[in-house]
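Worksheet for the structure shown next.
Every read-out reported here was derived from the displayed coordinates using simple, explicitly stated rules and does not represent laboratory data. In this text, all values refer to a predicted model and were calculated from it rather than measured experimentally. Reconstructed Cβ throughout: ideal geometry from the backbone, glycine too, with neighbour counts over all protein chains shown.
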Amino acid sequence: MSTAVGRIAALVALVVAAVALILIFSGNGDEYEVTAEFENASQLVTGNEVVIAGEPVGTIKEIELGDDGDALVTFTVEEAYAPLQRGTTATIRSFSLSGIANRQVQLTLPAEGDSKQSYPGGATAAGDDIEDGGMMTQAETVSEVDLDEIFNTLDDRTVRNLKKVIKGLELSYDGVGEQANKGFRYLNPFLSTSRRVFGEINSDERALEALIVDGSKLSGALAERAPDLEQLVGNLNRFQGALANQKQSLSEAVAEFPDFMRQANTTFVNLRAALDDVDPLVDASKPVATRLQPFFREFRAAAADAVPTVRDLDQLVLRPGPANDLVDLNHLQPAVTEAALGSGSPECAENPNDPGDLEAAADDDFTQGAFGEQICALKDGRPSIAFLRAYTPELVGWFDDFSGHSGTEDANGGIGRISLSLNTFSPSTPDLPGFLPDLFSDAGPLSPSDSFGGLTTDLDQKCPGANERNPGDDSTPFTENGELDCDPTDVPPGP
């Protein structure tokens with residue numbers, strides 16, 4: 001009886017052990033696994049932890065080499081966190097400063113509201129499950145970059161200079177450790193916000209590429225205007241120096257600034273109400289604003305072309321030195337005005353035809369000024385101008401003689417009217433004996449009525465056109481109905 005009971009107990013124990021083994025192996029087969037594709041394994045080994053928020057949730061099961069030279073890392077995740085969702089990021093990190101295989105895979109679960117993107121397996125949005133045995137692409141993984149990888153990219157000279165920088169940082173923090181620790185308290189928020197900023201920048205690659213290209217164009221444009229930038233920096237330096245020289249005035253201005261802002265606050269409050277009144281004007285200006293665009297486009301080009309003109313005008317208006325700009329010319333205007341205006345109203349001759357009146361009204365000291373003298377000269381010259389006006393044809397004919405042509409032409413050829421005028425000192429009897437009288441004899445000069453051999457004297461009142469023959473209508477000589485002071489009988493002899 002006891003033998004049978006023992007056999008039954010042994011059989012039951014064997015069945016229980018078999019069931020336990022089955023449960024154990026079946027449990028291992030159902031464990032949730034994911035394979036992540038990393039750029040490199042970053043010194044991972046099998047058995048390294050997989051953590052979420054610092055809590056271990058799985059282990060590294062296998063590390064294989066992919067077809068493209070990447071690392072395929074297979075790891076498990078506990079049931080409480082399985083299955084993982086698309087948008088989860090797997091990052092290889094170090095969990096200590098130094099050690100052997102001190103690596104772990106940190107999983108960052110997606111936050112609500114993550115932007116949509118394309119994932120393997122047909123998933124198109126964060127939150128879709130990653131099936132058991134699924135893949136995480138390199139877009140969802142981050143490999144660790146070791147310091148030695150960075151240092152290996154540097155040449156010897158850069159490494160030596162980097163050592164000097166590190167030693168210099170040691171010296172700069174010597175004695176200010178407490179202050180530096182206070183500053184490091186804000187480093188973590190700064191880095192986390194910077195990560196978000198760079199994440200946003202990286203999310204729109206086209207915009208980032210456009211920014212880089214535009215930045216390159218801007219740098220090129222600045223390089224082309226290097227002399228202008230040099231002048232700008234120099235002018236800013238002088239500007240800052242001028243401000244530094246006015247420290248007292250700036251201090252007084254800053255002291256008065258609070259009172260100014262209190263007064264300006266009332267003005268700004270009233271301005272807010274005024275803006276409502278300006279709204280109709282803005283609405284009415286909108287249609288015109290579109291039409292002004294072509295005008296301002298042309299005006300911008302004109303303004304650019306006007307820069308040299310304005311620069312030259314600035315030199316013309318005011319420049320260092322005496323008597324060399326418009327300001328100095330303006331200072332000379334009072335003296336010029338006094339010379340031009342003189343003592344006041346000009347006093348001219350009442351009767352310009354009377355020589356005595358002209359002589360009595362003469363301003364020998366020129367106290368009437370230049371304008372007064374010109375007015376009197378024009379008034380006094382009117383009789384002479386009126387007299388000479390009738391002789392305009394003779395004047396034009398005189399000018400015409402300078403062109404090499406005189407007289408006119410007819411069927412017989414060219415002809416010309418010539419009149420010879422001699423003064424009393426031209427002819428003499430020793431040269432022309434028996435032809436001209438002796439003008440220097442005791443009998444004295446010839447009388448106006450004397451005529452010898454066609455020679456006539458004292459003919460000094462010729463009328464306009466006196467050298468022309470009368471065509472029969474008595475139009476020559478011209479006397480303006482007897483108004484001209486001339487002798488119409490003073491004409492050349494002959495038919």
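Just one of the numbered conditions (1) of a type in the set (A, V, I, L, M, F, W, C); (2) under 43 Å from the mean Cα position of the chain (by Cα); (3) in a helix (DSSP H, G or I) is not true of Leu171: (2). Taking the conditions exactly as written (closer than 30 Å to Ala41 by Cβ and in a helix (DSSP H, G or I)), does Asn188 satisfy them or not? Yes, satisfied. Among the residues making up the range 376-395, a single one is of a type in the set (A, V, I, L, M) and surrounded by 15 or more Cβ atoms within 10 Å (Cβ to Cβ): Ala390.
Out of the residues in the range 78-92 meeting the condition of being in a strand (DSSP E or B) and touching a Pro at 6+ places or on another chain (Cβ under 9 Å), tell me which one is farthest from Asp128 (Cα to Cα). It comes out as Thr89.
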